[in-house]
There are 2 protein chains.
Amino acid sequence: MPLRGLLPEEIAAVDTMSTAECWRALNDAPFGRLAVGAADGVDIFPVNFAVNSEAIYLRSAPGSKLVDIAHSSSVAFEVDGADGEEHWSVVVRGIAERLIHDRDIHGSGVLQLKTVTSTAKHNYVRITPTSISGRRFSATPHR
Amino acid sequence: MPLRGLLPEEIAAVDTMSTAECWRALNDAPFGRLAVGAADGVDIFPVNFAVNSEAIYLRSAPGSKLVDIAHSSSVAFEVDGADGEEHWSVVVRGIAERLIHDRDIHGSGVLQLKTVTSTAKHNYVRITPTSISGRRFSATPHR
């Protein structure tokens with residue numbers, strides 16, 4: 001087996017995705033992966049999310065890892081999937097902020113529909129993208 | 001639609017995975033997602049990788065984003081997949097180091113087989129885990 005097959009490398013994009021394609025992919029993804037700067041390094045974890053007005057919204061329970069966002073507002077968010085043999089990945093880099101006031105939470109447009117729980121119980125986080133990029137690639141090109 | 005269905009939250013684990021299960025998942029995953037602290041925030045991108053002796057090895061081309069590791073050696077690495085309706089996610093947090101010397105690259109055990117390209121052309125990175133955790137969860141529990 002050649003070295004190339006043994007020590008894989010960064011995945012080279014076969015094709016890039018338009019911004020519109022990236023947002024469609026974000027809308028359709030069942031979950032995403034949020035990378036944050038934590039007090040003791042970088043952390044990453046799967047999260048559910050909602051998309052509204054080209055921002056990404058998360059809700060976290062009190063005491064959760066999401067409060068690490070307070071250590072650094074710059075975050076990265078990724079969704080990916082497969083379309084047959086072809087995989088795709090969309091990465092959003094942005095600024096995360098906790099929505100402190102009810103008026104911000106309601107003003108976000110995310111709560112336009114009826115609510116059944118108190119917003120006070122949770123942290124609400126909005127990620128405002130500073131960049132969004134998507135790529136398509138072949139899975140396991142080197143293995 | 002209730003709030004719960006509109007503003008998703010961190011995914012709650014249905015079950016945790018043993019360390020052995022995590023390593024098996026890492027061995028089988030076609031690609032992973034590396035989160036690094038970059039000069040201008042956190043970044044995340046899909047990477048190919050190899051597993052050897054409970055460490056993760058990456059190779060990157062010169063000038064690639066992986067050199068951002070130089071800004072912070074603490075990284076997070078994630079693989080996930082689905083088994084029917086159930087999804088799983090494994091997160092490795094660890095220390096990344098570039099392998100500078102040929103003896104380290106060869107001593108890693110990753111190059112025991114014949115090589116066809118020069119190691120000088122690439123950056124070789126080893127992630128030594130400081131923690132590894134895995135969880136199983138239902139996809140789209142709130143949507």
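The values are calculated or read from the model by the stated rules, or taken from the named source; none is laboratory data. Since the model is a prediction, treat every value here as computed from it, not as a measurement. Cβ atoms come from the backbone with ideal geometry, glycine included; neighbour counts cover every protein chain shown. Side chains included, ligands, DNA and RNA excluded: accessible areas come from the protein's heavy atoms. Shrake-Rupley method; radii C 1.70, N 1.55, O 1.52, S 1.80 Å.
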Can you pull out every residue in the stretch A:92-103 that is under 11 Å from the mean Cα position of the chain (by Cα) and without any contact (Cβ under 8 Å) to a residue 40 or more places away in the chain?
A:Arg93, A:Gly94
Unique residue being among the hydroxyl-bearing types (Ser, Thr, Tyr), more than 20 Å from A:Phe137 (Cα to Cα) and either within 9 Å of the chain's Cα centre (by Cα) or at pLDDT below 80 (or both) when the list is B:Ser89, B:Ser72, B:Ser64:
B:Ser72
Would the stretch B:35-49 turn up any residue that is of a type in the set (Phe, Trp, Tyr) and at pLDDT 85 or above?
no
Filter the strands (runs of 3 or more DSSP E) completely within the stretch B:14-59 down to those with at least 3 residues that are open to solvent by less than 10 Å² (accessible area, probe 1.4 Å) and not polar (S, T, N, Q).
B:32-38, B:41-47
